[in-house]
Structure formats: C-alpha cells, structure tokens
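The values are calculated or read from the model by the stated rules, or taken from the named source; none is laboratory data. Fair warning: this is a prediction, and the values are worked out from it, not measured in the lab. Here the Cβ positions follow ideal geometry from the backbone for every residue, glycine too, while neighbour counts run over all protein chains shown. Ligands, DNA and RNA are stripped out before the accessible areas are found, and what is left, the full protein with its side chains, is counted by its heavy atoms. Shrake-Rupley method; radii C 1.70, N 1.55, O 1.52, S 1.80 Å.
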Amino acid sequence: MPAIDYLRISLVDRCNFQCQYCMPEGADLQYLPQGEWLTRTELGQLLQEVFMPLGFANFRLTGGEPLVRPGIVDIVRDIAELPGTRDLALTTNAFLLAGMAQDLWDAGLRRINISLDSLDPVIFDRIVGGRGRSRWPQVWAGIQAAHRVGFSPLKLNVVVIPGVNDHEVLDLAALTLDRQWHVRFIEFMPIGNDSLFAETGWVDSEILRDRIRQRWGLSEGAVRGNGPADVFQIPGAKGTVGFISQMSECFCDRCNRMRLSADGWLRPCLLNETGQIDLKTGLRQGVPTRELKRQVADLLAAKPDINYKMRQSGTTGAYGRTMSQIGG
Ligand code: SAM
Ligand code: SF4
C-alpha cells in the first residue's frame, strides 16, 4: 500500500468544452455558484494546516477546466511557494494555455498534462463539442506554447473511444518518436456519458499496445510508477507511451490519492464517497483546523479498506457525477 500523499484539487466544476465522454449529451449540468468554491485563502489554509501536516506533498490542479478559474496563476504561485510542496502539476484541455503558459511557468508550475483526443480537427471538434471556428488550432498552439516554455514532462492524455478516435492511436503514438512527450492512452470509463459508453464500449490497452508493437516494437516491460499509468517506449523514441487501464486492470490497490472538489468536499476515491468530509463548511463555520485534520486523518486511515473494497467490486460501475464534477 503506497503512502497517501497525493491530492487532486478541483478548482472549478465548469468547463469551456463539453467532451462527449465527459458530459452527458445535451447536458444541463448544474454548476456550483462561485461563492461555493473554496477561496484561494481557504485552499492555502487547508493545505498548510490540514493536508501538509498529514504528509500530503504532491498536488494536481484540475477541474472542470482549471484555466477558467479566475486567479489560477495566483493559486499556482501560492501552492508552488509552500515549503511542503514537493510536486505541483496541472491537467488542462489547453484551450486557454497559449496565453497563460509563461505566466504559469513563472508562478512555479513545472508539470502539465494536456487532453488531446485527436490530431484531426474535425474529429477533435466533434469530441469536444461547440460550434463555429475549430478549437483544435488553439489547443495545438497551447501545446506548442507549453513545450516552448519548457514544461517537462509534457503529457498528452487521450481517451480512446471505439469508432471515434481509436484509429488514430498510431498517429498519436508517433508524436513520441522525436519529441520528449508522453502520450497516455486512457480506457474510456462509464462516467459522465453512460449512453455513449453503452454504444461504443471501450478498448483494452493491450489491443493498443499490440498495434504499436506491430508497427514499431515496444519496450518489454512497463515501468510502474506511483501513478496509474503503465509506461512503455517505442525503441529509439524520445518520449514514452503510457496506458491507464482502469477498465481492464483495476489499480485501486496502488491508489495513493484523495480528491478535493471545487466546493471543498474531500473524497477518498473517484467512485466511492465513503467518509467524505465537507471541509469548506467546516472552515466557514469556524471548526478549528486541528479538528478538520483529525477528520482527514480518520479518512486516511480508512482509505486502504476503501481501496480494497473498490478492488473487490471493480471500478466499472456507472456513477452519478461527471469527471468534470469529481475532478478527474
Ligand atoms: N478539463 C481538463 C482536461 O480535460 O484535461 C481537466 C479535467 S478532465 C475531467 C481530467 C481527465 O479526465 C481528462 O484527461 C479527461 O480526458 C478524463 N476523462 C473525463 N471523462 C472521462 C471518462 N469518461 N473516461 C476516461 N477519462 C475521462
Ligand atoms: Fe471539460 Fe476536461 Fe471534461 Fe473535456 S474532459 S469536458 S475539457 S472537464
């Protein structure tokens, strides 16, 4: 059981995209009113007085889309400057990144994951939704800007959907040949858009590895880190290809993370809310942070058992929240 030292922080539940796999079709999602978001000050206080004393040192900012959160650069700077921060990363759709990459870097961010589900602008636009001008060029410009500024490792996340973008797997893997980029293929989960999932299903990572192996070869074993990806390399490539295989290969027993929602709920698992804690209400009602820390410590102690139960039951059941609401 790894040490639980990683907190995924959702800064906002809104998004400027409406990806097919993340949001239900025609979704009329009820977004949180802005006053329900943890403020910058509350977040800093929770990190310093609750999470860091309990050993949390690795943080990822996510959403919804974190770059639509007003004051995101200041939030990044606050967290990067805390002495207890070992690692700070951000996951984004990159639509707003071109104009923000340098500011984020200057604020202390060094690691970034970008969702890029297709290299074909028509398919990309179909996946991310919206009308009018293609969004692909602006996303690609965001990726280029992050590369230029020096973010490393630059990770690109691809959710593979049968019949939608699975035919692009080799083209996406080819991005790693002469760039130090890490392309990670994610098995589509039945979270967010159950009807699409029922229609398309998902592709087992082993099938993708086989396609890549047949085209170029692939390093023998996966390098297994603390995270959920199994990482391989095409021989001679500068970057790597990773596979996040939560459908075919449950990794709950390796899970070292907790999730903080934009409105301050601490949850032990993407799909399991057992023991969740409303930290924002606690703070706003004046509950001392030493008491909140005690509650979080209890949840930490319960986490191995939650991981075990998730492993037993599997992670594939449908779930009432979307990734953008949970902080995927
Ligand atoms: N908006 C940002 C983005 O798209 O990168 C950050 C939030 S998004 C919810 C985080 C990750 O969840 C993305 O990599 C996205 O592809 C993934 N995701 C969302 N819905 C998913 C699903 N149903 N199955 C697998 N991955 C999903
Ligand atoms: Fe938005 Fe990210 Fe969900 Fe796409 S995957 S709708 S970009 S939160």
(message) How large is the accessible surface of D298 in square angstrom, using a 1.4 angstrom probe and rounding to the nearest 10?
(response) 80
(request) Can you send over the solvent-accessible area of H182, 1.4 Å probe, protein chains only, in Å² to the nearest 10? (result) 40
(message) So for each of 18-24, 303-309, 142-148, 33-39 I average, over its residues, the number of other beta carbons within 10 Å; can you give me the resulting order with the highest mean first?
(response) 18-24, 142-148, 303-309, 33-39
(request) State the antiparallel share, in %, of DSSP beta bridges confined to region 6-326, rounding to the nearest 5. (result) 20
(request) Can you check what the Kirkwood hydrodynamic radius comes to for region 6-326, Cα pairs only, in Å to one decimal? (result) 20.3
(request) Treating cross-link reach as a plain straight distance, find the lysines whose alpha-carbon is under 23 Å from the alpha-carbon of K293, omitting any fewer than eight places away in the same chain. (result) K280, K303
(request) Find the cysteines in the chain that fail to meet the 4.7 Å Cβ criterion with every other cysteine, and list them. (result) C15, C250, C252, C255, C269
(request) May I ask you to rank D166, D78 by accessible area, largest first, using a 1.4 Å probe over the protein chains only? (result) D78, D166
(request) Only helical DSSP H runs with n ≥ 4 go in: add -39500 (n - 2.57) per run for the chain, normalise by residue count and round the 222 nm mean residue ellipticity to 500 deg cm²/dmol. (result) -9000 deg cm²/dmol
(request) Could you pull the accessible area for D120 with a 1.4 Å probe, rounded to 10 Å²? (result) 60
(request) Determine the order of T41, T176 by accessible area, beginning with the largest, at a probe radius of 1.4 Å. (result) T41, T176
